[in-house]
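**Student:** Handing you a structure now.
The values are calculated or read from the model by the stated rules, or taken from the named source; none is laboratory data. Values in this document were obtained by computation on a predicted structure and should not be read as measured data. Methodologically, a virtual Cβ is constructed for each residue, glycine included, from the backbone with ideal geometry; neighbour enumeration extends over all protein chains shown.
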Amino acid sequence: MKKIQMKNSFLLLLTAAIWGVAFVAQSVGMEYVEPFTFNAVRSIIGGLVLIPCIWFLDRKKPRQEKTSQMRKQEWKMLLAGGVCCGVCLFAASNFQQFGIRYTTVGKAGFITACYIVIVPVIGIFLKKACGRLLWVSVAMAVVGLYFLCMTETLTIGKGDFLVFICALLFSLHILVIDYFSPRTDGVKMSCIQFFVCGILSGIAMLFTEEPHLADIFAAWIPILYAGIMSCGVAYTLQIVGQKGMNPTVASLILSLESCISVLAGWLILGQKLSVRELSGCLIMFGAIILAQLPGKQEKSSTDL
């Protein structure tokens, strides 16, 4: 069991790393296209990338004799999971994208990552147990995020409110994955969620924006990275990695996206790190390590 948890923790860490580096791609892409357009194209690409993966994985699986009733139930669960995850992803990613227009990146990063607090709070009502050590980890992570992201006073404006809604929706996304991932095929569910998110974003794009192929082609590098790596690879790793994990621990590991985005800026773009930012990174890494220690927080809950 511990080996599986370590493996899943690594997959979630890899997810956070891909999302952290994707920050550069998303920022550059937004210079060419509008939010709904960007999310529509990247999501459809993410879904298309997974189709050959699903075909390959299905060929490797041993054939099992199943009744038509069993197949029907499996498809119902798969579609329900894919649609629910896709709707949550569509709402969260677009609220975030629009919120960034009206607030600073640092504040947006801090408020978005507050899902590390929202997830365990919601989990209380869903009978998802968290030990004292895990709550200490959450508190440490919030402090680390503040040092890492916040360089100005935390005032509440229009953009901050939109990003806070995004944090709530990402919390819901994590909990929905926690429910469906043990019950269905994670890769197939991820594929469906991207097509749902892409179609919904595309509909919103047609009604609110004026997309141009020339602009999309101009942003092909960031869009491809966001579509293939951030969507196709990272969100699928999230679904697979969350299987059997406490959702609060999963949210803590995923919140390292903020640390990794700062480190990526330092390594790739040559941006300097302040003592405050380095302190924030160290505190967050400490919180993640603390959350992995054995204790009462590992006591899993009943199913949702």
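**Student:** For segment 12-20, does any single residue satisfy the condition of being touching a residue at least 24 places away in the same chain (Cβ under 8 Å) and either β-branched (Val, Ile, Thr) or touching a Pro at 6+ places or on another chain (Cβ under 8 Å) (or both)?
**Tutor:** Yes, segment 12-20 contains a residue that is touching a residue at least 24 places away in the same chain (Cβ under 8 Å) and either β-branched (Val, Ile, Thr) or touching a Pro at 6+ places or on another chain (Cβ under 8 Å) (or both).
**Student:** If I ask for residues that are of a type in the set (S, T, N, Q), over 10 Å from the mean Cα position of the chain (by Cα) and not in a loop (DSSP other than H, G, I, E, B), which ones from segment 237-262 would you list?
**Tutor:** THR248, SER258, SER261
**Student:** Also, quick follow-up: Residue pairs, Cβ under 7 Å, 6 or more apart or interchain, first in segment 35-55 and assigned to a helix (DSSP H, G or I), second crowded, with 17+ Cβ neighbours inside 10 Å and among the basic types (Lys, Arg). List them.
**Tutor:** Listed by first residue and then by second, the contacts come to ILE54/LYS188.
**Student:** Do we find a residue being at pLDDT below 90 and of a type in the set (Phe, Trp, Tyr) anywhere in segment 11-31?
**Tutor:** The answer is yes, given that some residue of segment 11-31 is at pLDDT below 90 and of a type in the set (Phe, Trp, Tyr).
**Student:** Within segment 28-65, can you find the residues that are out of contact with any helix residue (DSSP H, G or I) (no Cβ under 8 Å at 6 or more places or on another chain) and within 30 Å of ILE116 (Cα to Cα)?
**Tutor:** Hit for segment 28-65 is GLU31, nothing else.
**Student:** Out of everything in segment 202-230 that is under 15 Å from the mean Cα position of the chain (by Cα) and modelled with pLDDT of 90 or more, what residue ends up being nearest to ILE116 (Cα to Cα)?
**Tutor:** MET229
**Student:** Return the residue satisfying two criteria in turn: it lies in segment 287-298 and is exposed (fewer than 15 other Cβ atoms within 10 Å of the Cβ) and part of a helix (DSSP H, G or I), and of such residues it is modelled with the highest pLDDT.
**Tutor:** If we take residues in segment 287-298 being exposed (fewer than 15 other Cβ atoms within 10 Å of the Cβ) and part of a helix (DSSP H, G or I), then ILE289 is modelled with the highest pLDDT.
**Student:** While we're looking at this one, here's another question. Can you list residue pairs whose Cβ atoms sit under 8 Å apart, with the first residue in segment 98-118 being closer than 19 Å to TRP19 by Cβ and modelled with pLDDT of 70 or more and the second being in a helix (DSSP H, G or I) and among the aromatic types (Phe, Trp, Tyr)? Count only pairs 6 or more apart in sequence or on different chains.
**Tutor:** Every condition considered, the pairs that remain are GLY99/PHE161; ILE111/PHE164; THR112/PHE170; CYS114/PHE164; TYR115/PHE170.
**Student:** Among ILE174, ILE203, ILE228, which is out of contact with any helix residue (DSSP H, G or I) (no Cβ under 8 Å at 6 or more places or on another chain) and part of a helix (DSSP H, G or I)?
**Tutor:** Among ILE174, ILE203, ILE228, only ILE203 is out of contact with any helix residue (DSSP H, G or I) (no Cβ under 8 Å at 6 or more places or on another chain) and part of a helix (DSSP H, G or I).
**Student:** Please give the number of the condition MET245 fails out of (1) hydrophobic (A, V, I, L, M, F, W, C); (2) touching a Gly at 6+ places or on another chain (Cβ under 8 Å); (3) closer than 22 Å to VAL117 by Cα.
**Tutor:** Tallying (1) hydrophobic (A, V, I, L, M, F, W, C); (2) touching a Gly at 6+ places or on another chain (Cβ under 8 Å); (3) closer than 22 Å to VAL117 by Cα, MET245 fails exactly one: (2).
**Student:** Pull up segment 50-97, narrow it to residues that are hydroxyl-bearing (Ser, Thr, Tyr) and surrounded by fewer than 13 Cβ atoms within 10 Å (Cβ to Cβ), then point me to the one that is modelled with the lowest pLDDT.
**Tutor:** Ranking the candidates gives THR67 first.
**Student:** For the structure I just gave you, tell me whether SER190 is of a type in the set (Gly, Ala, Ser), at pLDDT 85 or above, surrounded by 15 or more Cβ atoms within 10 Å (Cβ to Cβ) and assigned to a helix (DSSP H, G or I).
**Tutor:** The answer is yes for SER190.
**Student:** THR184 fails exactly one of the following numbered conditions: (1) in a helix (DSSP H, G or I); (2) touching a Leu at 6+ places or on another chain (Cβ under 9 Å); (3) not acidic (Asp, Glu). What is the number of that condition?
**Tutor:** All conditions pass for THR184, except number (1).
**Student:** Please specify each residue of segment 231-258 satisfying the condition of being in contact with a Lys or Arg (Cβ under 7 Å, 6 or more places away or on another chain) and either modelled with pLDDT of 85 or more or among the hydrophobic types (A, V, I, L, M, F, W, C) (or both).
**Tutor:** Passing the criteria: only CYS231.
**Student:** I'm trying to understand the selection: among the residues of segment 205-223, which are over 14 Å from GLU31 (Cα atoms) and surrounded by fewer than 18 Cβ atoms within 10 Å (Cβ to Cβ)? Steps first, answer last, please.
**Tutor:** Keep residues of segment 205-223 that are over 14 Å from GLU31 (Cα atoms), which gives 205-210, 213.
Residues satisfying the conditions are LEU206, PHE207, THR208, GLU209, GLU210, LEU213.
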